[in-house]
Every structure is written in C-alpha cells, then in structure tokens.
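First comes the structure, then the notes that go with it.
The values are calculated or read from the model by the stated rules, or taken from the named source; none is laboratory data. Please read these numbers as outputs of a predicted model, since none were measured by experiment. With ideal geometry, Cβ positions are generated from the backbone for all residues, glycine too; neighbour counts draw on all protein chains shown. The protein model used for the area step is the full one, side chains on, heavy atoms only, and it has no ligands, DNA or RNA in it. Shrake-Rupley method; radii C 1.70, N 1.55, O 1.52, S 1.80 Å.
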Amino acid sequence: METRDASGSEDCPFCRIVDRQTDTEILLSDDELLCFRDTKPGATHHYLVVPRTHIDNCKRLQGDDVSLVERMVEMGWSVLKKNRVSDLEDVRMGFHMPPFSSVPHLHLHALAPASEMSSASLLRYGPQTHWFITVDKVLSQLKTRGRVK
C-alpha cells in the first residue's frame, strides 16, 4: 500500500481494513476510498470514509488534496443515502484534529442525525470544539491557505 506519512503500516488499524486483514464490513469502496461503520458510533448513522493511501490526519493535507476530500464527502453522502438517512440537512461531516485523532489515518466522519447526538457525542463531533473540524472548514482552508490550520 502506498503511504504519504511515516506511520502507515500494519500497525495502523485502518490500513489493515484497507488491506482486507480484518472482517470489517466495507459498505462502499472504489480505487481510492472505502467506507465502513464506526465501531463506537456517535450517532444513529456513523460512517468513516478513509483513503486507501495512508495519510496521518487532516493537518497533513495540502491544497492539491481538495479533490480527495471532495471525493470523501461524495462517498459520505452516498453511504448516508444508501442507508436511507431521511433528513440530509441533519448531517455532520468532518475530521478529528490532532492530537485528538483516535486512529492516525485520515478518516472523514459522516454522522446523522446530528440533532439527536448525545452531549458526549457533541463534545467529540461538535462543530465548535477543538477536537473536530467540519469538512467545510477543511475545504475552505485548503483552498485559501493550502493547508489545514
């Protein structure tokens, strides 16, 4: 497997999923990405979209990764629709900010319904926390600064 960062290895649980070394159910996949359920869901629907290429976290993204992030978002929407999420306005998508990433492999969280998340989930996936950054903010920063601040 290709890696862009030093920690991509058999020690990375998401690299093991990408390499089909686990029994994790893959919900969607293509040549670049795959999607599976979060093992500790923060909402009724909680999916992770990961690139097959190991990238440590969102702070490693650069301006030329905008299209990768946009494809991750597209797959997030696809899995939500496939699983019949009824209110597509009540969705939260984003990334954990280092050092608060539980797995050091870039992964987009797609959660719904956001309005029904518990207070504990809001601490982990809330748009106003230091732990989580929405995908819109990531894309904005990549387009304007060429990196995530």
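The residues of the range 119-137 that are part of a helix (DSSP H, G or I) and either open to solvent by less than 100 Å² (accessible area, probe 1.4 Å) or within 23 Å of VAL66 (Cβ to Cβ) (or both), listed by number, are SER119, ALA120, SER121, LEU122, TYR125, VAL135, ASP136, LYS137.
Do you know which residues across the range 95-107 are surrounded by fewer than 23 Cβ atoms within 10 Å (Cβ to Cβ) and not in a loop (DSSP other than H, G, I, E, B)? Listed by number, the list holds a single entry, HIS96.
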